[in-house]
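To start, the structure itself, in structure tokens.
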Amino acid sequence: MTFEKKIIQESNPYKREINKQKPVRNVYWGEVISIDDPTEGGRIKVRIPELDTKTPNDNLPDCYPLIPKFFHVYPQVGEVVRIILEDTVTPQRSRFWVGSVISQLQKINFDGVYTSQSTTNIGFTTPERAISEFPNARGVFPKINEIALIGRNNTDMILKDREVQIRAGKHERDNVLELNKTNPATMILTFEDVTGNTQTRSTSILLSDKIALISHDGIPKFRASEIDQEERERIINNAHPMVRGDFLVEILEVFRNAIINHIHPYPRLPSNQSGIIVDLENINLEILKQNNILIN
């Protein structure tokens, strides 16, 4: 295996011999030892088995991020990253990392040293069964032809064919192989053909147990940033429920009919208990409130 080699293979461009040039290797695999960086610049410590056998953790050189800062991702301690050496002659300097190395999607939360390379030619273990072999996991992860940004713990954003999905809670709690069909928080944006493919329509659908539409100038006011679970509970308990528009129209129609058509037998006497008045008395105004969609 590659990990059994103890030296760097290199070539000297000034001393080339036909058919005797040694290959240059400047890409390695290494275990993440630390991600602590006082500058928060993305520097990490990585142990490369072939090169750092005698180097204590504290003396490992810094590895610098190869991914631009516009894309924020850090490996976890114990995971594997790829290391690119800028200069193979001095492998302790100018190391650049790319990762984490994740073997299969079901291990997106963490994939350790012994399993992360199972789908490579230097793997220590064999890969697990593919996600597609688990029927209940269908839909948890993006399809091969889709583009996606996948979070470590139960979140993602998938760019489908003329559709974008943003999801939290996509699989059951603590079971990455079971699609959550009950209460995932999902935003679906689509642009599709309608009316015999002669017109287009855009739709935005938001699905969740609780939905809050909050204005900074609304009443009551809520925090504008760092909305943690405590603040979410305050919103849920203090914001105003939305009104069901169709029910509101039906109830207003009953009120209008009662006002226009009710009859008094004589002046100053109550109106007749006709069907219109009975309908008015039987209205349950609570049905107007949608308690799971909130505004301020």
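The values are calculated or read from the model by the stated rules, or taken from the named source; none is laboratory data. Because the structure is predicted, anything quoted here is derived from the model rather than measured. Please note: Cβ atoms are built from the backbone with ideal geometry, for glycine as well, and neighbour counts cover all protein chains shown.
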field: Residue that is modelled with the highest pLDDT, among those in region 252-274 that are more than 30 Å from PRO241 (Cβ to Cβ) and small (Gly, Ala, Ser)
entry: SER274
query: Counting only residues that are part of a loop (DSSP other than H, G, I, E, B), modelled with pLDDT of 95 or more and either touching a Cys at 6+ places or on another chain (Cβ under 9 Å) or surrounded by fewer than 16 Cβ atoms within 10 Å (Cβ to Cβ) (or both), how many does region 75-108 have?
result: 3
message: Conditions first: (1) farther than 23 Å from LYS45 by Cα; (2) at pLDDT below 95; (3) out of contact with any helix residue (DSSP H, G or I) (no Cβ under 7 Å at 6 or more places or on another chain). GLY139 passes all but one, so which condition is the exception?
response: (2)
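Could you say whether any residue in region 163-181 is in contact with a helix residue (DSSP H, G or I) (Cβ under 8 Å, 6 or more places away or on another chain), touching a residue at least 60 places away in the same chain (Cβ under 8 Å) and either farther than 29 Å from ARG43 by Cβ or surrounded by fewer than 16 Cβ atoms within 10 Å (Cβ to Cβ) (or both)? Show your work before the answer.
Taking region 163-181 first, the residues in contact with a helix residue (DSSP H, G or I) (Cβ under 8 Å, 6 or more places away or on another chain) are 171, 176-179.
Retained after the next criterion (residues that are touching a residue at least 60 places away in the same chain (Cβ under 8 Å)): 176-177.
After this cut, where a residue has to be either farther than 29 Å from ARG43 by Cβ or surrounded by fewer than 16 Cβ atoms within 10 Å (Cβ to Cβ) (or both) as well, the list is 176-177.
Among the residues of region 163-181, at least one is in contact with a helix residue (DSSP H, G or I) (Cβ under 8 Å, 6 or more places away or on another chain), touching a residue at least 60 places away in the same chain (Cβ under 8 Å) and either farther than 29 Å from ARG43 by Cβ or surrounded by fewer than 16 Cβ atoms within 10 Å (Cβ to Cβ) (or both), which makes the answer yes.
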message: Can you go through ASN153, ASN145 and tell me which one is more than 18 Å from the chain's Cα centre (by Cα) and more than 23 Å from CYS63 (Cα to Cα)?
response: ASN145
statement: Here the qualifying pairs (Cβ atoms under 8 Å; residues six or more apart or on different chains; first in region 221-250 and in a loop (DSSP other than H, G, I, E, B); second among the aliphatic types (A, V, I, L, M) and surrounded by fewer than 14 Cβ atoms within 10 Å (Cβ to Cβ)) come out as ARG244/ILE287
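From the residues in region 209-244 that are among the small types (Gly, Ala, Ser) and either more than 26 Å from LEU285 (Cβ to Cβ) or in contact with a Cys (Cβ under 7 Å, 6 or more places away or on another chain) (or both), which one is surrounded by the most Cβ atoms within 10 Å (Cβ to Cβ)? Step through it out loud before you land on a result.
Keep residues of region 209-244 that are among the small types (Gly, Ala, Ser), which gives 212, 215, 218, 224-225, 239.
Next cut, either more than 26 Å from LEU285 (Cβ to Cβ) or in contact with a Cys (Cβ under 7 Å, 6 or more places away or on another chain) (or both) only: 224-225.
Details: ALA224: 8, SER225: 5.
That would be ALA224.
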query: When both residues are 6+ apart or on different chains and their Cβ atoms are under 6 Å apart, which pairs have a first residue that lies in region 146-160 and is touching a residue at least 40 places away in the same chain (Cβ under 8 Å), and a second that is in a strand (DSSP E or B) and charged (D, E, K, R)?
result: ILE150/ASP156
